[in-house]
1. Among all the aspartates and glutamates, which ones have a C-alpha under 19 Å from Lys74's C-alpha, if same-chain residues fewer than 8 places away are not counted?
2. Helix-only mean residue ellipticity at 222 nm, the chain, DSSP H runs n ≥ 4 weighted -39,500 (n - 2.57), per residue, nearest 500. What is it?
3. How far is the Cα center of region 44-116 from the Cα center of region 135-173, in Å?
4. Could you calculate the contour length gain from Asp132 to Gln366, that is, 0.36 nm times the residue separation minus the distance between their Cα atoms, to one decimal place in nm?
5. Using amide H atoms built in the peptide plane, which far-off residues or other-chain residues are under 5 Å from Asp393 H to H?
6. Leaving out same-chain residues fewer than 8 places away, which aspartates and glutamates sit with a Cα under 16 Å from that of Lys122?
7. Taking Cα atoms, how many degrees apart are the long axis of helix 217-236 and the longest axis of the chain, rounded to 10 and kept between 0 and 90?
8. Could you give each residue of region 62-78 its phi-based ³J(HN,Hα) in whole Hz, using Karplus coefficients 6.51, -1.76, 1.60 with θ = phi - 60°, and x for Gly or Pro?
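What follows draws every value from the coordinates through simple rules; no lab data is involved. Worth saying up front: this structure is predicted, and the values here are computed from it rather than measured. Note that each Cβ is placed from the backbone with ideal geometry, even for glycine, and that neighbours are counted across all protein chains shown.
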Amino acid sequence: MALVLDTTIQQLGPCLFDSPLALNTVEGDCIGNFVSDRTRVRYQVEWDEGETQDQETGFEKAGPREKIFFDPAKTRAAVVTCGGLCPGLNNVIRSVFLELFYNYGVREILGVQNGFRGLTFKGPSPLLLTLDDVEDIHRDGGTILSSSRGQQETGEMVDFLVHHELDILICIGGDGTQRGSHEIAQEVARRKLPISIVGVPKTIDNDVQFVRQTFGYFTSIESARSILDGAHCESKGAPNGIGLVKLMGRDSGFIAAGAAVASQEVNFVLIPEIPIVLDGPKGFLATLHQRMVDRHHAVIVVAEGAGQDLLAAEERTDSSGNRKKADIGTFLKNKIQAYFEKQGTEINLKYIDPSYIIRSVPANSQDARLCDGYARHAVHAAMSGKTDLIIGDWYSVYVHVPIAAAVASRKQIDPEGDLWNAVISATGQPHAWV
């Protein structure tokens, strides 16, 4: 049955201004082309023989439009970074500024400080960004604008946009941030204001729907890989050594899985998508014990959101509304030590928690390129008067995704998909615990 998905993109009004970009609509002349609003990227890219192909559901292709909604000479834009740190934040800020300033000719570009807090009258004043401000920031981790978690009162944030006469707001953040962006866009629409709200998907967890790869993910697994290699060295450097590494991944195990496959030195990967069974002859502890008997060392990677059903934890949420996770890392460490002590087997367990280290480093080349693509396509969408959307990446094509569709659920690892099969092949662990 075909997926029912509303991919309609909201438009502020008719586009009456010619784009200042040096592009055209001629094929084969070695000059880049404008993208038509009629161009779609099909949702379904594979189907079984005999199955009816869904030709209706498709995303609007992102890219520069020949006609735009805003007059660049009169446009005021702002960019804000929200949520936790992520490799590439400064890259996105810089590319947003450069696209607006050099290619569209927008001269007033504000940097909102401290996340959504900076969109209120209680927060710090926004910065009027200059070329000097952004010239070298892509070389550094973090964000020059500072970031914060948590939503502010939507009406006040829209009042702030009106007060500062802003036409465009580019919101860089994950699903919590984009839920806030959606609420802002809805309030803007309710007031019938000509303000474009466009999101850039950011999270090292890589869990935003309809985004093949969020920026920061590649860098985070590269950083995590070096830590896993160190854990492997530690495990082999002592009798019956075990390296236990906890990585970020609240509801999705992409970092743990990706880093493990990249490292090729991991023996067990525990993620939120696969329930953990500790006890029993085929449970995790017995399987780990057999590994120690056979090879005398092991490396275990656990995502922070794995095995939450094993822990008795209070129902708490952070300021972004995300459920706080109990500490699966120390729980597993204690369980492993108790199990082997009961077996009468001496182990040397090293527990490593590098959570915040992997998200604060500068973006690598692959993420830097991705950041630039997301940023520039966000500017194209905003200047053409599109709103209430994020820039997605659907099978390596940039697309416009309604925020409501993007935040309706989290993307997770498919236990029967290629990534998890790669984990099983690299580690030799069971497909699931029984």
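1. The reachable aspartates and glutamates, counting only those whose Cα sits under 19 Å from Lys74, are Asp18, Glu66, Glu99, Glu108, Glu165, Asp167.
2. -9500 deg cm²/dmol
3. With region 44-116 and region 135-173 each reduced to a Cα centre, they are spaced 14 Å.
4. Separation in residues times 0.36 nm, less the Cα-Cα distance, equals 81.8 nm.
5. Sorted by chain and number, the residues that satisfy this are Val211, Arg212, Gln213, Val399.
6. Partners within reach: Glu153, Glu156, Asp159.
7. For helix 217-236, the angle is close to 10 degrees.
8. 7, x, x, 9, 5, 10, 10, 7, 9, 7, x, 5, 10, 8, 10, 10, 9
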